[in-house]
Every structure is written in structure tokens, then in C-alpha cells.
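Written out below as C-alpha cells is the structure these notes cover.
The values are calculated or read from the model by the stated rules, or taken from the named source; none is laboratory data. Here the structure is a predicted model, which is why all the values come from computation and not from measurement. Glycine gets a Cβ as well: all are built from the backbone with ideal geometry, and neighbour counts include every protein chain shown.
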Amino acid sequence: MLNDSISQDNSGTKKIKLSAKTFYTDYKIFSYFNDTTYIDTTLNINKHYKFNFLRRDHFGLLPFHNIGQTFNRLTYDFDRITNTPDIGFTAKQFSYKEVEDINYFEVPTTTSEIMFLTTLEQGRFLDSFFTLNFSRRLNVSIAYTGLRSLGKYRASLVSQGNFRTTFHYETKKGEYAIRGHISTQDVLNEESGGLTNESLVAFLENDPNFSDRARLDVNLIDTENLLETSRLYLEQDYQLLASKDSVDQKDFTNLKVGHVFESSKKGYEFLQNSPTNFLGSTNFSGNIRDVVKNSFLKNQFFLEFNSKYILGTFRVKSNIMNYSYGYDKIINQTSGITKLKLEGSAASFGADWKAKVNKFQLDATGEITPGSARLAGTNLQGNLSYKKDSLFSIKASILLNSKSPNYNFLLYQSTYDEYNWENDFENIRTQDLGFQFDSKWLSTNIHLTNIENYTYFSEDNKPKQYVDNITYLKVKVNKEFSYKRFALDNTLMYQNVSGGSSVFRVPELVTRNTLYYRDYWFKGKPMQVQIGATFNYFTSYKANAYNPLLAEFTLQNSEEIGFPSVDIFFNAQIRRTRIFFRVDNALSDFGTRNYFSAPNYPYRDFTIRFGLVWNWFI
């Protein structure tokens, strides 16, 4: 086993200890956008924020009590809007890995990583990956994420599985390159419908007879929903003209032709042993199994080249797309539904441009799908950035997007009478202006967003479209203060909805403040530690309610949610192993029981969890 290691001192400076054989920069990670990073085994505050089942910082998301359940949104991002509509059921897709979330690797030796995390009652979370290079030009990886957690409350079981395998290959001279992945993902949730009115009173009054949360009654006890997905993705290109083959290397170089293939399937099932009045009326009796499926197929062909006249790389592309969403039969004979499926095909045309002048970098992409089909729309995005060495960087961005609402807004069938509809909504049009400033002194992110034809689920659980514009301002600031072995990391977000606040709701203020101690312990400094506490708070607002049948969040006007919480942690790093101890909502036994993730869904009580991340380089 190699002896390379990466450590970090109190100032944040990384120290690299290498064997004579390899360097840490040899262990490369390539993103979907071909950005290169390296496998990092350091311990810092950002690693602490990412130690969760999503494996990313979920500031701005309010988790439900059980690990693996959904999140209520405290904020919205519009920098990753897809070009095409999706199946919907968005409450179940927070852990779903899109094409852009899949990484590829290049490593000199066999490399693996395991993340383990305890859950809430009878279960565990395990995320693992294994990658190796058969040669410098051929890499493969296999990864699997598994989660099972019973939860503290009744009917809150979570079971998830996520398998993905990747490969990338390049010929010796680089003329031909191919990469791809296969992904299968499933998310199964028991659905409780939240606490009953009587149990809600017992929770709020802190009745000692119900300190065991499994004794509290819930609205549903035999209900589940399931999201299953699979995807095959391939991307390949062939270089027709290399730099050294060009007569004038500065005029026209690196001419490539390429092809991208994507085939994905998603299916959603709502399962119930017998109907209940809690969800509405139906004439049906017996087991309920409502199933809807969606498939998407895309073939993209592109031509890419470099030229001094465009200051970088330019790609022209065309997509041929096919989609099918719907049902195999009419589920509810009294619904009046006339369509079983939404099906069609479309062609789109677009271009990507990457240019660099001195310290300015421009990244732009544009795509238009003409016609009146369901996939018709436009997507224009541009980012202009400037980086002044390691002092600071500035980025300005713009987004203009028009796309159809998700399919479950347009066509939905259910055994329950109130959940059947056919709609012909207009495209949602989104315009977003962004500004980002990063430096060692301060990080600021500002977005001003305008949304036309915003689509949502109303208080009566029906899909509706807002006819007026929504104007949404978000300002996020981050700054860490350090003194000797202590640090205070602060993230503050201000939000304002000046138009459309009746349907688009966010808290005005969201804050996270982490005070922690960091140091190396024992002779020879074999262990780095972090000990601290995180204060979380968001101002009260009428948060959306969760609908277990739709697996979506809906408007509600009866309750406001907003509360502070404190999490305590002890983290340690020993060589390439990071160990995490965490106490969630440590002060829940003090003060009022006002902590909710959504109406009738309490957030977790005082909870102790443990986990680790372990890397091997063999």
C-alpha cells in the first residue's frame, strides 16, 4: 500500500506527504463538464457539512426527521434547470444522481472509498466506490449506495439503493475517446401522512407518555411510494484534425465529431393496502397500486473545433429526442381521463462556446427546440468569470429558459377521485441574473430571478399555473473568522419575493453559524480534531405541506414554521480516515416543541449519530 497522505494545518494550508512512486495529483476526478479535481482525504469544515446521505452541503434544505426522507425547501436555485420536463414527484428526487452528477476517474493504483453512517433505528447508510486503471487510457469504477432506516416515528421507514458503474477510454494518441455510465436507483418510503391531531397535541405539550415517538399515532400506516430509475449514458468523439496536423495551428485546430447517447427510465408507484379518508374519496376497495412510467431517449451529434477567431473552443450540436410518459390503463373509471400517455419526439439545435482572454473566462451554451411539441423550448446560459491569482474571483451569470412543466402537472391518474387531471399548461419561463464574488475575506452570491407561468400544487392538491410574474431576490454571504485554534464559520442568506409571494414562499432569513476548535493531538500529530457546535435558524414562514400520494409539496395557509436548532460535533482524521460524531438538535429538550419540517411532520429530537469515511490506495 502506498504511503501518500494529505493533511491540513490550522491555517487551512494543505500539506502533502508523498511516497516516491506517486503524487496526490495523479488521483484525478473528472466531472461531466471535464473539470479536474483530486481525491482529497483532508478534514475541514466543508467536509463536515457534506457528511450526510446526500454527500453534499444541504444548506437551505430542511430535512425530515428520518435520514433518507425528503427535504422542505428554504431556498431555490435556478442554475441547473434542465432543458426538458421530467416525470415529477420531486420530493423523492433529492438523492437522485443526474447525468451531471456522475464522476469519472484516472488513478495510478486501485482506489476505493467507504462512507458509513448510523441512522435512526434498525438500519445503516453505506456509500462505497472502487476504481482502477487497466492502463492510463482505460479506467473503470463501480459504486453503490445503500440506506435503510426505520425512523423514530411510525410508518417512516426509508430504503434506498443506488448502483452506478463508469468507464472512460482514450486511444494512445488521443484521436478517439469514449466515456459512459450505467445507473440504477430506487427510493422506497413508508408514508405516515404526519401526526394525527391528538398526537400533535401530545407532541407540542411534551407529554411524557409519548417520549417514545413510536407511540404517537399517524394518519397513514399501510402506505408506501416508490421511485425506480435506470439510465445508460455514452459520450464519444473522434478527432479529425489535430493541432500538429494543421497548416496554421492558430487558425483552425482540434476538429472533432462526436455523439452522445442517453436512455433513461423512471417509474413511480403509490401503494396502499386499503383506501383511507385521509387522502380523499374513492369507490375502490382493496389494495391500491397506482403506477406511472416515463422514458426518455436522446441522440446528440456535435462538431467541435478550436480557433483563434473565437478565442477558444466552439461546439455546434443537434439533438433528436423521444419521450413517453403515462399509464397502461385507466385507473379510475369515474375520472373522465381520456389520455393514457403523453408521447412525442423533437429535434433541437444549439452551440457551446468556451473562450479565454487573459484572466477572463467565458462559458456559454444555447439550445432551442422549435415547434409546438411538449419538448419545445429554449435554454440560454452564460458565465463570465475573472480570477485574480489566489486573491479573489468574480463571476457574472445569466440564464434564459423556457420549458414545459413536469409531466405529473399535465397528466395524472389515481384511485382517489380528487387526484385525476389533464392539463395543457404554458411553458414556464425563467430569467436569472447572478453575481458571485469569492475571496479569502468574503464570499457573496446574489441572484435575481423572474419566473413566468410558475406551476405549483395548490392547497387543494391540484396543479395550477400562476399567471403573474414572480420576482425573487436571494443574497448569500459566507465568512469564516479564525483566531489561533478557533474558528467561526458564518453563512447568512437573505431572500425577498416581491411578486408572487402568495404561491412562491421562502423564509426571509436563513443562517448557519459554526463555532469550532481545531488542532492536532498526541505526539507526532497523528490525529487532527474538530470540536464544535452549529447554530441553524430560519425565520417563520408558511412552509409548503407534504403530500405523500403526489410525493410533492403543496401550498398551505394555516401554519407557520421557523425554529432554531443546535448540532454538536466531534470530528477526527487519522491518516486517510475521517471519523464523525454528531448530536442533532441537541437542545430539543429545552424550550417549546416548535420544530417541524412541514405541517404535522416534527423534525428529529435529540439524536446521536456516528460515521466515518475511509480511503484506500492500494
Applying the selection to the range 78-96, what residues are in contact (Cβ under 8 Å) with a residue 40 or more places away in the chain, surrounded by fewer than 19 Cβ atoms within 10 Å (Cβ to Cβ) and charged (D, E, K, R)?
D79
Search the range 369-387 for residues being at pLDDT 90 or above and loosely packed, with under 15 Cβ neighbours inside 10 Å, and hand back the single one that is nearest to G312 (Cα to Cα).
Y386
What do you reckon, is S141 under 30 Å from R578 (Cα atoms), among the hydroxyl-bearing types (S, T, Y), outside any strand (DSSP E or B) and at pLDDT 95 or above?
no
Out of (1) in a strand (DSSP E or B); (2) among the polar types (S, T, N, Q); (3) under 30 Å from T276 (Cβ atoms), the odd one out for Q528 is which?
(3)
For residues that are surrounded by 15 or more Cβ atoms within 10 Å (Cβ to Cβ) and either touching a Ser or Thr at 6+ places or on another chain (Cβ under 6 Å) or of a type in the set (G, A, S) (or both), scanning just the range 434-463, find the one that is nearest to N478 (Cα to Cα).
S443
Go through (1) at pLDDT 95 or above; (2) out of contact with any helix residue (DSSP H, G or I) (no Cβ under 6 Å at 6 or more places or on another chain); (3) of a type outside the set (A, V, I, L, M, F, W, C) and name the single condition Y233 misses.
(2)
Can you confirm whether the range 110-126 contains a residue that is modelled with pLDDT under 95, surrounded by fewer than 21 Cβ atoms within 10 Å (Cβ to Cβ) and among the aromatic types (F, W, Y)?
no
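Please specify each residue of the range 171-223 satisfying the condition of being of a type in the set (A, V, I, L, M, F, W, C) and free of Cβ contacts under 8 Å to residues at least 12 places away in the same chain. Steps first, answer last, please.
Going through the range 171-223, the residues of a type in the set (A, V, I, L, M, F, W, C) turn out to be 177-178, 182, 187-188, 195, 200-204, 210, 214, 216, 218, 220-221.
Across the range 171-223, the qualifying residues are V201, F210.
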Pick from F569, F553, F580: which is surrounded by 19 or more Cβ atoms within 10 Å (Cβ to Cβ), in contact with a Lys or Arg (Cβ under 6 Å, 6 or more places away or on another chain) and either part of a loop (DSSP other than H, G, I, E, B) or not acidic (D, E) (or both)?
F569
Being modelled with pLDDT under 95 and part of a strand (DSSP E or B), is that true of even one residue in the range 494-517?
yes
Please indicate, with yes or no, whether at least one residue in the range 317-330 is surrounded by 13 or more Cβ atoms within 10 Å (Cβ to Cβ), more than 22 Å from G88 (Cα to Cα), among the hydroxyl-bearing types (S, T, Y) and modelled with pLDDT of 95 or more.
yes
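For the range 183-205, what are the residues that are surrounded by 13 or more Cβ atoms within 10 Å (Cβ to Cβ), farther than 22 Å from T90 by Cα and of a type outside the set (S, T, Y)? Show your work before the answer.
Pass one, the range 183-205, residues surrounded by 13 or more Cβ atoms within 10 Å (Cβ to Cβ): 183-196, 199-200, 202-204.
Add one more test, that the residue is farther than 22 Å from T90 by Cα, and what stays is 195-196, 199-200, 202-204.
Within the range 183-205, L195, L200, A202, F203, L204 meet the criteria.
Can you tell which of L220, L297 is part of a strand (DSSP E or B) and surrounded by 15 or more Cβ atoms within 10 Å (Cβ to Cβ)?
Values: L220 fails: part of a strand (DSSP E or B).
Exactly one of L220, L297 is part of a strand (DSSP E or B) and surrounded by 15 or more Cβ atoms within 10 Å (Cβ to Cβ), namely L297.
Please state which one of I102, I67 is in contact with a Leu (Cβ under 7 Å, 6 or more places away or on another chain), surrounded by 16 or more Cβ atoms within 10 Å (Cβ to Cβ) and of a type in the set (V, I, T). Spell out the reasoning first.
Details: I102 fails: in contact with a Leu (Cβ under 7 Å, 6 or more places away or on another chain).
Exactly one residue qualifies, and that residue is I67.
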Given the criteria touching a Phe, Trp or Tyr at 6+ places or on another chain (Cβ under 7 Å) and either among the β-branched types (V, I, T) or at positive phi (or both), does T369 qualify?
no
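Does any residue of the range 262-282 turn out to be touching a helix residue (DSSP H, G or I) at 6+ places or on another chain (Cβ under 7 Å) and β-branched (V, I, T)?
Taking the range 262-282 and keeping what is touching a helix residue (DSSP H, G or I) at 6+ places or on another chain (Cβ under 7 Å), we get 262.
Checking the rest, the ones that are also β-branched (V, I, T) come to none.
No: the range 262-282 contains no residue that is touching a helix residue (DSSP H, G or I) at 6+ places or on another chain (Cβ under 7 Å) and β-branched (V, I, T).
Touching a strand residue (DSSP E or B) at 6+ places or on another chain (Cβ under 6 Å) and more than 29 Å from E269 (Cα to Cα) - does that describe any residue in the range 586-599?
Yes, the range 586-599 contains a residue that is touching a strand residue (DSSP E or B) at 6+ places or on another chain (Cβ under 6 Å) and more than 29 Å from E269 (Cα to Cα).
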Selected residue [more than 29 Å from L384 (Cα to Cα) and under 23 Å from the mean Cα position of the chain (by Cα)] from N513, N450, N423, N461
N513
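Among the residues of the range 255-264, are any closer than 30 Å to L234 by Cα, modelled with pLDDT under 95 and either polar (S, T, N, Q) or assigned to a strand (DSSP E or B) (or both)? Can you show your working first?
Filtering the range 255-264 for residues closer than 30 Å to L234 by Cα gives 255-264.
Those still in the list that are modelled with pLDDT under 95 too: 255-256.
If we keep only those that are either polar (S, T, N, Q) or assigned to a strand (DSSP E or B) (or both) as well, we get 255-256.
The answer is yes; a qualifying residue exists.
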